[in-house]
Amino acid sequence: METQQETTSTLTLALLTEPARVTILRALLEAGDEGMAAADLATLAGLSLPRAAHCFQELTQVGVLALAIRERRVCYVLKDRPMVREALDLVRSSGLAD
C-alpha cells in the first residue's frame, strides 16, 4: 500500500506531464466542496470533452477525484484537498508548470 508521501510524489509526477491536470486541480481547489462541472473544467483546461474525460478518469483511478451528479450535470470534486495542495505546491516550486 502506498504511503501519503508516495501518493503525493506520484501525483506530482503525473501533473508535470500534463499541464491541463494542473489547471483542473487548481480550479477544483478554488471551487471547494461543490466541485465543478466536467464541461466547465474541460473548457478551463483548453481540452475537448473526450480528452478531459480521459484526464478525469486517470485522476479518479488514482483516488484524487470523485464523481458527483449535481442538477443533472456530471461534476468532479477533490477527494484529498491537502494532498492535491501539497502536490501543486511541489509543481509550482519546481518552476516547470505555471
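The values are calculated or read from the model by the stated rules, or taken from the named source; none is laboratory data. Note that the structure is predicted; figures quoted are calculated from it, not measured. Neighbour counts are summed over all protein chains in view; Cβ atoms, including those assigned to glycine, are modelled from backbone coordinates with ideal geometry.
A few notes on this one:
- Leading residue by the ranking (farthest from GLU86 (Cα to Cα)) among those in the stretch 48-59 that are among the aliphatic types (A, V, I, L, M) and surrounded by fewer than 20 Cβ atoms within 10 Å (Cβ to Cβ): LEU49
- From the list VAL62, VAL77, the lone residue that is surrounded by fewer than 17 Cβ atoms within 10 Å (Cβ to Cβ) and under 18 Å from GLY35 (Cα atoms) is VAL62.
- Selection of first residues in the stretch 73-93 that are at negative phi and touching a residue at least 24 places away in the same chain (Cβ under 8 Å) and of second residues that are of a type in the set (Lys, Arg) and in a helix (DSSP H, G or I), restricted to Cβ pairs under 7 Å at least 6 apart or on distinct chains, gives the following pairs, ordered by first then second residue: LEU88/ARG26.
- Selection within the stretch 64-98 - acidic (Asp, Glu) and assigned to a loop (DSSP other than H, G, I, E, B): GLU71, ASP80, ASP98
- Some residue of the stretch 9-30 being modelled with pLDDT of 90 or more, small (Gly, Ala, Ser), within 17 Å of PRO82 (Cα to Cα) and surrounded by 13 or more Cβ atoms within 10 Å (Cβ to Cβ): yes
- Residue that is modelled with the highest pLDDT [pool: residues in the stretch 40-63 that are in a loop (DSSP other than H, G, I, E, B) and aliphatic (A, V, I, L, M)]: LEU47
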